[in-house]
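These notes are about the structure you will find just below.
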Amino acid sequence: MKHLKLPTAASSLLVSAVLVSGAALLAPNALAQNANDNAKFSIAIHGGAGTITRESMTPERERAYTAKLTEAINAGHAVLANGGTSMDAVVTAVQIMEDSPLFNSGRGAVYNWDGIHELDASIMNGATREAGAVASVKTVKSPIALARKIMEESVHVMLSGEGAETFAQEQGLELVDNSYFNTEWRYESLQRMKKQVGNPQDKQAWATMDDNFKYGTVGAVALDKQGNLAAATSTGGMTGKRYGRVGDSPIIGAGTWADNASCAVSATGHGEYFIRYQVAADICSRMKYQQLDVVTAGDTVIHDVLLPAGGTGGVIIVDKDGNVHMPFNTEGMYRAKRVANQPVEVAIYND
């Protein structure tokens, strides 16, 4: 029996074809994993904006903020780097800041006029446009965890007050006494605020009081390797707030927004203005419908729309391609970002 002998070149081509097809058959997961490893991903966080200057910051306090921002951004980044979802990443980062007395959310929440803490939070999934929000809760240790539970397990988008706390208990979330959120420096801040305002019915006094009493929020935005965006925001609100006041943080479109077709945004600042101008959604809409880049869209809303109206604060934004921008119109904003495998960038001041 004779065997057909192929020319050397033809033999090489046949062997190569067999090897290539075999690799495709035997290792599709490896190829997909390689593509996933090369996917873009980004995360950005903020810890509030306001009158934050080097002159008002001690070296020890600056180091503390820098360390906590670094811890939070790295924790969220680790989730993304390991192939986790943007939802898990933003919750991870926000909870680290909620657990720190440095920030006006969770553990370090400000006091309302009556000396009580009332907490707000919201979260949004850019892939599905699902959202969850909570307002004016007093005993939920992690408001952002509750916001996510509302999004995933409730038939509603926003819950508030006692009803939200009942739902949190049903979902097995950790509840604490309101005194858990007490901090001496926030209490002292309330006393200064009351002294400055005087008559709580004086609308002009409220309008002209120190901006630092109006600010304080934490938030995170992220793009994961699957191309999905998410945004999360959590706050203790405005120092000395009255009558169950709710700011922009739990308002979808004002303080939080995410849409895979454009961007994800978390805001911090004077909430009344962010509500009136729907800041978070406006930025993403300009990107989606006007085809603006993330820098132009963010700067336009924060500097050209919000500031002339009297609104002060800032936002963190990540777009569908993983680009990050963090504009603000105040003297400072606690912030950090990490794009793919690049080094961490942490900043506080406006320089």
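The values are calculated or read from the model by the stated rules, or taken from the named source; none is laboratory data. Since the structure is predicted, the reported quantities are computational estimates derived from the model, not experimental observations. Here the Cβ is made from the backbone with ideal geometry for all residues, glycine too, and neighbour counts use every protein chain on show. In case anyone asks, the SASA skips ligands and DNA or RNA and just uses the protein heavy atoms, side chains included. Shrake-Rupley method; radii C 1.70, N 1.55, O 1.52, S 1.80 Å.
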### Query
For segment 79-103, what are the residues that are assigned to a loop (DSSP other than H, G, I, E, B) and closer than 20 Å to K141 by Cβ?
D99, S100, P101, L102, F103
### Query
Out of all the residues in segment 104-136, which are open to solvent by less than 10 Å² (accessible area, probe 1.4 Å) and either basic (K, R) or in a strand (DSSP E or B) (or both)?
L119, D120, A121, S122, I123, M124, G132, A133, V134, A135
### Message
Residue pairs, Cβ under 6 Å, 6 or more apart or interchain, first in segment 94-115 and on the phi < 0 side of the Ramachandran plot, second open to solvent by 40 Å² or more (accessible area, probe 1.4 Å) and modelled with pLDDT under 95. List them.
### Response
W113/R242
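Does segment 206-220 include one or more residues that are among the aliphatic types (A, V, I, L, M), touching a residue at least 40 places away in the same chain (Cβ under 8 Å), within 20 Å of G132 (Cα to Cα) and open to solvent by less than 50 Å² (accessible area, probe 1.4 Å)?
The answer is yes, given that some residue of segment 206-220 is among the aliphatic types (A, V, I, L, M), touching a residue at least 40 places away in the same chain (Cβ under 8 Å), within 20 Å of G132 (Cα to Cα) and open to solvent by less than 50 Å² (accessible area, probe 1.4 Å).
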### Message
When you check T139 against the structure, is it modelled with pLDDT of 95 or more, in contact with a Leu (Cβ under 8 Å, 6 or more places away or on another chain) and open to solvent by 10 Å² or more (accessible area, probe 1.4 Å), yes or no?
### Response
yes
### Task
Exactly one condition in (1) at pLDDT below 95; (2) out of contact with any helix residue (DSSP H, G or I) (no Cβ under 8 Å at 6 or more places or on another chain); (3) crowded, with 18+ Cβ neighbours inside 10 Å; (4) polar (S, T, N, Q) is not met by T239; state its number.
(2)
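Out of R286, R335, which single residue is in contact (Cβ under 8 Å) with a residue 12 or more places away in the chain and not in a helix (DSSP H, G or I)?
On the way: R286 fails: not in a helix (DSSP H, G or I).
Just a single option satisfies the conditions, and that option is R335.
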### Task
Kindly establish whether Y187 is open to solvent by 30 Å² or more (accessible area, probe 1.4 Å), in contact with a Lys or Arg (Cβ under 9 Å, 6 or more places away or on another chain) and assigned to a helix (DSSP H, G or I).
no
